[in-house]
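Pasting in a structure now, in structure tokens, and then I'll have a few things to ask.
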Amino acid sequence: TQTTSGASSVSFTSGIDSTYPIYMFELINCTCSNNGRGIDIYFSTNGGSDYNATKTTTIINAYHAEGGGSGTLQQITGVKAPTQSSDGLFLNYSDGSASGMSGSLLLFNPSNTTFIKHFIARSNGKNDDNTTNDLFSAGYVNSTSAVNAVQFDTFDGNIIGTFKLYGIKDS
């Protein structure tokens, strides 16, 4: 568990190994200061020296305004963080102190060195514009190297919230 009250990123550089076939990360009551655009997720194959593992991501956003009206379902494309060349995988918009988000990320077989690494993320967040966003994200890390570190980052603010890592035993 890592709890932050204003870090630019949260990194898990240990505990992701061959012990479990599935790792689950939970993000609980997170916000981004300075109107951060959301929490991006990056993967490392070198223990966190860098988080440039190439990934392919699809993001679907279902959102609805508090004041009523119809909701919208959209695919989000071309999301890139300023320092990354690959698609960003973000858990949700969480701009401002009145908003927030919670969500989870599943990472499958990160220590496998034969296959790429699949992931699934889901989150719900409330924005300052009084909308709720239910994001469904999924994809893969396009590497046969073991993924051994994960970073949650926002590039234009600081993260406030609780981050938990769990290993899930094979059935």
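Would you check which residues across segment 144-165 are part of a loop (DSSP other than H, G, I, E, B) and either touching a strand residue (DSSP E or B) at 6+ places or on another chain (Cβ under 7 Å) or of a type in the set (A, V, I, L, M, F, W, C) (or both) and list them?
Ala146, Val147, Asn148, Thr154, Phe155, Gly157, Asn158 - these are the residues of segment 144-165 that are part of a loop (DSSP other than H, G, I, E, B) and either touching a strand residue (DSSP E or B) at 6+ places or on another chain (Cβ under 7 Å) or of a type in the set (A, V, I, L, M, F, W, C) (or both).
Given (1) at pLDDT 95 or above; (2) open to solvent by 10 Å² or more (accessible area, probe 1.4 Å); (3) closer than 25 Å to Thr3 by Cα, identify the lone condition not met by Ala149.
(2)
Could you give me the residue pairs with C-beta distances under 9 Å whose first residue belongs to segment 35-53 and is surrounded by fewer than 21 Cβ atoms within 10 Å (Cβ to Cβ), whose second residue is of a type in the set (Asp, Glu) and at pLDDT below 85 wherever it lies, and which are 6+ apart or on separate chains?
Asn35/Asp95; Asn35/Asp128; Asn35/Asp156; Arg37/Asp95; Arg37/Asp156
Could you look through segment 1-31, keep only residues that are open to solvent by 70 Å² or more (accessible area, probe 1.4 Å) and part of a strand (DSSP E or B), and pick out the one that is nearest to Thr154 (Cα to Cα)?
Looking at residues that are open to solvent by 70 Å² or more (accessible area, probe 1.4 Å) and part of a strand (DSSP E or B), I get Ser5.
Under 6 Å between Cβ atoms, at least 6 apart or on separate chains: pull out the pairs that start in segment 155-171 with a residue that is of a type in the set (Asp, Glu) and end on any residue that is modelled with pLDDT of 85 or more and in a loop (DSSP other than H, G, I, E, B).
So the pair list comes out as Asp170/Pro21.
The values are calculated or read from the model by the stated rules, or taken from the named source; none is laboratory data. All values derive from a computational prediction rather than experimental measurement. With ideal geometry, Cβ positions are generated from the backbone for all residues, glycine too; neighbour counts draw on all protein chains shown. The area values use the complete protein model at the heavy-atom level, side chains included, leaving out ligands, DNA and RNA. Shrake-Rupley method; radii C 1.70, N 1.55, O 1.52, S 1.80 Å.
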